[in-house]
Amino acid sequence: MQPAPLGVTRQLLVVVAPSWGSPAGQLQRYERAGKEASWHACSAMVAVSLGRAGLAWGRGLHPLVGSGGPEKREGDGCAPAGIFAITSLFGYAPADSTFARSAKLPYQSATLDLKAIDDPASVHYNRIVDVSAVASPDWVSCEDMLRDDGRYAVGAVVGHNAEPPAAGAGSCIFLHVWERAGVPTAGCTAMALADMTAIAGWLDASAMPLLVQLPKAEYESLCAVWDLPACAA
C-alpha cells in the first residue's frame with residue numbers, strides 16, 4: 001500500500017476535474033485540527049479553469065502511481081495532477097499594503113523586474129526572480145509577473161517540480177485569477193478574483209497548506225489510500 005502523503009497538513013485545497021482532458025473543475029477548501037482529525041469543508045465549491053489540455057501527472061509530494069495517466073511536460077498545456085505544497089503568494093498589491101502585511105504566507109509584490117523563468121536551459125528554471133538582482137540572465141523565455149491584465153492581481157505559487165527542478169518537467173505553476181469564466185490556462189489553476197482573494201487570505205504557512213488536484217476517477221481510487229476527504233465534486 002502506498003503511504004499517505006498528506007503528512008501533518010491542516011489546510012487542503014482540493015480540485016477535481018471530470019477527466020484527464022477536462023479544462024475545468026471544481027475547487028473546495030478543507031481544514032482539520034490535526035493529523036488524526038477528520039477533514040471538514042470550510043468553503044463553498046467554486047469553479048476553476050485548468051490547462052487547455054486538461055491534467056497530467058506532475059512532480060510533487062505524491063508517491064508514484066500506476067494509473068497510466070499522462071505526465072506533465074513543459075508547454076504541454078496541462079495543469080499538474082497530484083499533491084503539491086503551496087509555498088508563497090504574489091500580487092499587484094505593494095509590500096506595505098494591508099493585504100501583504102496580513103498574509104500568512106511569504107508574499108512577493110509584482111514589479112517590472114519580477115519574472116517567472118520557464119526556459120529549461122536556465123539555471124533559474126521554474127523560479128521567480130528579480131532580474132535586477134541577476135548578474136547574468138541566461139534565459140530566452142520568461143513570464144512577466146506584473147501583467148497588463150488582472151490575472152496575477154493575486155495568486156499563489158504551487159510547488160510543482162520543486163527543488164531541484166527537472167528541466168522540461170513543467171514550470172511556473174500558479175493559482176491565479178482567470179481571464180474569464182470558462183477560459184482555460186496554459187497549465188495553471190485559475191478562478192474568479194473574489195475566490196482567489198479569499199483563498200490567499202485563508203492560506204497559512206503554519207498549517208502547511210497543500211493542493212490536491214486530480215481527475216474524479218483517480219481521486220476516488222486514491223481517496224482512502226491518501227487519507228483524502230470524500231469527493232463531493
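Couple of notes before you dig in:
- Taking first residues from the range 60-87 that are within 30 Å of Asp204 (Cα to Cα) and partners that are of a type in the set (Lys, Arg) and surrounded by fewer than 21 Cβ atoms within 10 Å (Cβ to Cβ), the Cβ contacts under 7 Å between residues at least 6 apart in sequence or on separate chains come to Gly77/Arg52.
- Hits in the range 61-73 - residues which are of a type outside the set (Gly, Ala, Ser) and either in contact with a Ser or Thr (Cβ under 6 Å, 6 or more places away or on another chain) or surrounded by fewer than 17 Cβ atoms within 10 Å (Cβ to Cβ) (or both): Pro63, Leu64, Pro70, Glu71, Arg73
- Any pair with Cβ under 9 angstrom, 6 or more apart, that starts in the range 172-194 at a residue that is closer than 19 Å to Ala93 by Cα and ends at one that is β-branched (Val, Ile, Thr) and outside any strand (DSSP E or B): Leu175/Ile199; Val177/Thr197; Ala190/Val183; Met191/Ile199
- Residue in the range 27-42 that is modelled with pLDDT of 95 or more, surrounded by 13 or more Cβ atoms within 10 Å (Cβ to Cβ), farther than 22 Å from Ala205 by Cβ and not polar (S, T, N, Q) present: no
- Sub-7 Å Cβ pairs linking a first residue in the range 204-233 that is touching a residue at least 60 places away in the same chain (Cβ under 8 Å) to a second residue that is assigned to a strand (DSSP E or B) and aromatic (Phe, Trp, Tyr), at least 6 apart or interchain, are Leu210/Phe84; Leu211/Phe84; Pro229/Tyr30, ordered by first then second residue.
- Looking only at the range 47-60, residues that are hydrophobic (A, V, I, L, M, F, W, C) and surrounded by fewer than 18 Cβ atoms within 10 Å (Cβ to Cβ) come to 1 in all.
- Identity of the residue in the range 97-134, among the polar types (S, T, N, Q) and not in a strand (DSSP E or B), that ends up surrounded by the most Cβ atoms within 10 Å (Cβ to Cβ): Asn126
- The residue that is surrounded by the fewest Cβ atoms within 10 Å (Cβ to Cβ), counting only those in the range 181-233 that are at positive phi and in contact with a Gly (Cβ under 8 Å, 6 or more places away or on another chain), is Met208.
The values are calculated or read from the model by the stated rules, or taken from the named source; none is laboratory data. Note that this is a predicted model, so its numbers are computed, not measured. Using ideal geometry, Cβ is built from the backbone for each residue, glycine included, and neighbour counts are taken over all protein chains shown.
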